[in-house]
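Taking it in order: structure first as structure tokens, then the write-up.
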Amino acid sequence: IAGITQAPTSQILAAGRRMTLRCTQDMRHNAMYWYRQDLGLGLRLIHYSNTAGTTGKGEVPDGYSVSRANTDDFPLTLASAVPSQTSVYFCASSDGELGTQYFGPGTRLTVL
Amino acid sequence: GQNIDQPTEMTATEGAIVQINCTYQTSGFNGLFWYQQHAGEAPTFLSYNVLDGLEEKGRFSSFLSRSKGYSYLLLKELQMKDSASYLCAVFENDYKLSFGAGTTVTVRA
């Protein structure tokens, strides 16, 4: 692994289903982030974690949850997916909350 | 809250110069980033400004005026591979990045 990886690359999901998007980084960055990107709206922060064991809410947290059990992994869970959660999801990490953020390749999620 | 404005689209000719402006009104300011994002790919870091003035990195330069809430990204000697979206992002008081909607630059031969 080099940098940040995300899985799956893309997914089509029925409304009401539970889904976990995975994010792993091997740079030993303390801080990690989840964004969604929608046409015309830019990137919006969903949740973040400044260090393992802590998480915080971003601009659009409703319907999403995260956990940070260790430094490398930061999964994003949709407990009951809705069509408005159709988006491209990017995970990012930085060396501390003041550091430059580096992004993973993204997950394209479609909720029908 | 945050308000970050940048033009939606710009078109320029190969070899030319393009300037992408970004204005912001945010809850505090701790620096401004520019990212490049090719279609279907992840954003990649281009530049970071925290003090007023011009930062130059090869063909790309970024300028910041904190008193005016203004930045620009200057792309010189445009190449076809520079066709992409360019994202302006501000570090606010809580050290979270707020992004503009992005400017799509199309380079034509």
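Results for (1) under 26 Å from B:Val90 (Cα atoms); (2) among the acidic types (Asp, Glu); (3) at pLDDT below 95, shown as yes or no for each residue.
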{"position": "A:Ala7", "(1), (2), (3)": "no, no, no"}
{"position": "A:Ser10", "(1), (2), (3)": "no, no, no"}
{"position": "A:Cys23", "(1), (2), (3)": "yes, no, no"}
{"position": "A:Tyr33", "(1), (2), (3)": "yes, no, no"}
{"position": "A:Gln37", "(1), (2), (3)": "yes, no, no"}
{"position": "A:His47", "(1), (2), (3)": "yes, no, no"}
{"position": "A:Thr51", "(1), (2), (3)": "yes, no, yes"}
{"position": "A:Pro61", "(1), (2), (3)": "yes, no, no"}
{"position": "A:Tyr64", "(1), (2), (3)": "yes, no, no"}
| Scanning for something surrounded by 13 or more Cβ atoms within 10 Å (Cβ to Cβ), small (Gly, Ala, Ser) and away from chain A (no Cβ under 11 Å), does segment B:54-62 turn up at least one residue? | yes
| query | Got at least one residue in segment B:81-104 being at pLDDT 95 or above, acidic (Asp, Glu) and surrounded by fewer than 17 Cβ atoms within 10 Å (Cβ to Cβ)? | reply | no
| field | Which numbered condition A:Gly42 misses (of (1) in contact (Cβ under 8 Å) with a residue 12 or more places away in the chain; (2) closer than 16 Å to B:Phe91 by Cα) | value | (1)
| query | Hey, any hits in segment B:4-22 for a residue that's assigned to a strand (DSSP E or B), within 20 Å of A:Glu97 (Cβ to Cβ) and within 13 Å of another protein chain (Cβ to nearest Cβ)? | reply | yes
| said: Of everything in segment B:63-80, what is hydrophobic (A, V, I, L, M, F, W, C), surrounded by 15 or more Cβ atoms within 10 Å (Cβ to Cβ) and touching a residue at least 24 places away in the same chain (Cβ under 8 Å)? Give them in sequence order. | reply: B:Leu64, B:Leu73, B:Leu74, B:Leu75, B:Leu78
| task | Considering each residue of segment B:12-43, count those that are under 29 Å from A:Thr107 (Cα atoms) and loosely packed, with under 13 Cβ neighbours inside 10 Å, and give that number. | result | 2
| query | Just one of B:Leu73, B:Leu46, B:Leu87, B:Leu64 is over 28 Å from A:Val88 (Cβ atoms), part of a strand (DSSP E or B) and under 15 Å from the mean Cα position of the chain (by Cα); which is it? | reply | B:Leu64
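The values are calculated or read from the model by the stated rules, or taken from the named source; none is laboratory data. Quantities reported herein were computed from a predicted structural model and do not represent experimental measurements. Cβ: placed from backbone, ideal geometry, glycine included. Neighbour counts: every protein chain shown.
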